[in-house]
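A.B. asks: For reference, the structure I am asking about is given below.
What follows is calculated from the coordinates using simple rules that are stated; it is not laboratory data. Keep in mind that this is a model prediction, so the values were computed, not measured.
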Amino acid sequence: MWSHVRRAGRVTALVLPFVLPGSFSTVQSAHAALGGAPMTPPADASVSSRTLHPSSAVLRSASGAASSASASTTAAYTVRQTTLGNGTVVREYLAADGSVFGIAWNGPQMPDLNEMLGSYFPQYVAGVKAARAARGGARGPVAVDQNSLVVQSGGHMGAFSGRAWLPPALPAGVSGSDIQ
């Protein structure tokens with residue numbers, strides 16, 4: 001699933017753009033899709049969520065209690081954090097309509113990007129191929145940064161992290177740097 005490039009004593013991991021279903025029994029399925037509905041967490045996962053208001057940084061718990069009295073004129077969004085049984089943490093950023101506009105992950109195992117990116121996975125694969133072609137086929141970390149999709153992923157065995165978001169779907173007051 002991963003290839004590695006050694007540079008100056010460091011090993012950098014690179015996501016291969018294709019994961020064959022069932023080829024890695026340790027990859028835990030998350031069932032989330034960027035641009036779609038949030039994941040249905042596996043039975044061994046724990047889930048928490050909080051609601052944020054971008055311009056006023058009002059933080060609300062899942063129960064709806066505000067931690068600040070100020071109100072925001074921008075749309076609130078929800079950050080739903082799921083800790084999978086393998087220790088990987090997936091954070092889904094949900095718009096007011098419940099659609100996922102951003103995903104971030106970190107942990108000992110890489111989530112299945114095909115599932116996480118959903119219908120955007122082919123666009124991601126094409127972006128990876130184009131970036132590699134521009135570098136003369138050289139392997140190494142690749143970020144896909146397009147008008148409609150941004151994916152940044154990296155790490156090494158036992159410590160993977162990444163994030164993906166849909167720039168046109170970001171709520172008012174939210175930027176890509178908020179997807180963490």
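A.B. asks: Which ³J(HN,Hα) values, rounded to whole Hz and listed in residue order, are derived for the range 129-134 from phi using the Karplus coefficients 6.51, -1.76 and 1.60 in 6.51 cos²θ - 1.76 cosθ + 1.60 with θ = phi - 60°, glycine and proline given as x?
C.D. replies: My calculation for the range 129-134 gives 4, 5, 5, 5, 4, 5 Hz in order.
A.B. asks: Another question, if that's okay. Can you work out the Karplus-derived ³J(HN,Hα) for every residue in the range 76-84? Use 6.51 cos²θ - 1.76 cosθ + 1.60 with θ = phi - 60°, whole Hz, and x for glycine or proline.
C.D. replies: Rounded to whole hertz, the list is 6, 9, 10, 10, 10, 9, 10, 9, 6.
A.B. asks: From the alpha carbon gyration tensor of the range 70-166, can you work out the equivalent ellipsoid semi-axes (sqrt of 5 times each eigenvalue) and give them in Å, largest to smallest? Could you put the intermediate results ahead of the total?
C.D. replies: Details: eigenvalues 136, 68, 24 Å².
After diagonalising the Cα gyration tensor, the semi-axes are 26, 18, 11 Å.
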